[in-house]
Amino acid sequence: MYCGVDLGSRNVKIALMDSRGELKFFKFDTITFYREHGRLEDGQLAVELSALLPPSTRPRVVVSTGYGRQTVALKGARTIPEIKAHVLGAVHFTGLSDFTLLDLGGQDSKVALVRGGRLVDFQTNDKCAASTGRYLENMAAVLNITLDELSRYYENPVDLSSTCAIFGETELIGKVVEGHPISSLAAGVNYTIFKRIRPMLQRLYSEILVFTGGVARNTALRKILARELGVQVVVPEHPQYTGAVGCCVEARLRSPD
């Protein structure tokens, strides 16, 4: 059994992979995970994984990755960069070897160019939340709708010019006051995400775009990406666990056997 741990900004994702490649997934709120299950020992995060995983689960190798520049070393695990973990996971999930990877998480965004199954180039943005899940959550709250409802709309978007997560809320409220329908307001929010990440995608362009992270569940954004960029958008079955699965792949590669 191989264990991959992705210490994300909003959720900690854990994947278990057996010798046949079968996977099991577990997710925990990040703050709750750190507060209730973790403690610092010699500058590393010590976690009793056996208390979180099914009984009799004994991972032979544990590999972890973390969010942006805030990576925490997990005691007893090998730590790899998150971009490497996400590329390995995307290749494993899709079976593709040539594509552009787009990963939109809770508080950062990543774009990577993959050729021959290997990372060629990448760009990240963890300085602004305007192209992340946190931004979508805030905007859905302003509109008083769920994230699922927000993700339905991409036609007739209102023009939202602010690319700042904070000022964007104020601008959206102004559009609400102007009387625009929810469908156009939500579409405008989704298009704002696209406008924020478009420069990175154009620099690292591929005809196939593998979309991962929690935001990959946004159906409207998937349609916008395909239409505006003229690409095939591929979303793995479990897009949030791509980094954790990549850690499992690395664990299996590094196994003594």
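Observations, loosely collected:
- Exclusive hit being among the aliphatic types (A, V, I, L, M), open to solvent by less than 10 Å² (accessible area, probe 1.4 Å) and over 19 Å from F93 (Cβ atoms), set A244, A220: A220
- Unique match (being surrounded by fewer than 20 Cβ atoms within 10 Å (Cβ to Cβ) and within 26 Å of P81 (Cα to Cα)) among V210, V120: V120
- The requirement of being hydrophobic (A, V, I, L, M, F, W, C) and buried (at least 18 other Cβ atoms within 10 Å of the Cβ) is satisfied by V231.
- F93 being within 16 Å of P236 (Cβ to Cβ) and over 16 Å from the mean Cα position of the chain (by Cα): no
- Residue count for the range 147-172 satisfying the condition of being open to solvent by 70 Å² or more (accessible area, probe 1.4 Å) and modelled with pLDDT under 90: 5.
- Total residues in the range 22-46, condition of a type in the set (A, V, I, L, M, F, W, C) and farther than 18 Å from P239 by Cβ: 5
- Residue within the range 182-197 that is open to solvent by 40 Å² or more (accessible area, probe 1.4 Å), farther than 25 Å from D121 by Cβ and assigned to a helix (DSSP H, G or I) present: yes
- Residue check, R203 in contact with a Ser or Thr (Cβ under 9 Å, 6 or more places away or on another chain), open to solvent by 70 Å² or more (accessible area, probe 1.4 Å) and farther than 22 Å from M139 by Cβ: no
The values are calculated or read from the model by the stated rules, or taken from the named source; none is laboratory data. All of these numbers come straight from a predicted model, not from anything done at the bench. Note: ideal-geometry Cβ built from the backbone for every residue, glycine included; neighbour counts use all protein chains shown. The protein model used for the area step is the full one, side chains on, heavy atoms only, and it has no ligands, DNA or RNA in it. Shrake-Rupley method; radii C 1.70, N 1.55, O 1.52, S 1.80 Å.
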